[in-house]
Ligand SMILES: [Zn+2]
């Protein structure tokens, strides 16, 4: 089950439709449970920003990467790095490992 954002008032209005079918004390208990349900913080959105520094040299000029770097647009932290085939690479994950921002694009 995911943590969709839902309206407590809309849920209680729906529960009221069961008056006459369910015990009224039970309906009140369900409404209290709805009021006391934990809230879920909405996850921020972000994107991996390319902060790499490029250099041009050669004739004709060609672009080369002097330093490669990506940052989370929400918290400015670096992504996790790992070694693949002997090369250190950035893992541009779907969620920022530092702030939890959703990096899959705005929804
Ligand atoms: Zn972040």
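Every number in this text was worked out from the coordinates using simple rules, so none of it is lab data. From a predicted model like this one, the values you see are computed outputs, not experimental measurements. Here the Cβ positions follow ideal geometry from the backbone for every residue, glycine too, while neighbour counts run over all protein chains shown.
General observations
- Criterion: at negative phi, surrounded by 11 or more Cβ atoms within 10 Å (Cβ to Cβ) and more than 14 Å from the ligand (Cβ to nearest atom) - qualifying residue of 49, 69: 69
- Count of region 74-89 residues, restricted to those that are more than 8 Å from the ligand (Cβ to nearest atom) and in contact (Cβ under 8 Å) with a residue 24 or more places away in the chain, is 1.
- Matching residues, region 49-69, being part of a loop (DSSP other than H, G, I, E, B) and under 25 Å from residue 95 (Cα atoms): 51, 52, 68, 69
- Condition check for residue 92: more than 30 Å from residue 40 (Cβ to Cβ) and either more than 10 Å from the ligand (Cβ to nearest atom) or in contact with a strand residue (DSSP E or B) (Cβ under 9 Å, 6 or more places away or on another chain) (or both): no
- Flag for residue 41 being within 25 Å of residue 92 (Cβ to Cβ) and part of a strand (DSSP E or B): no
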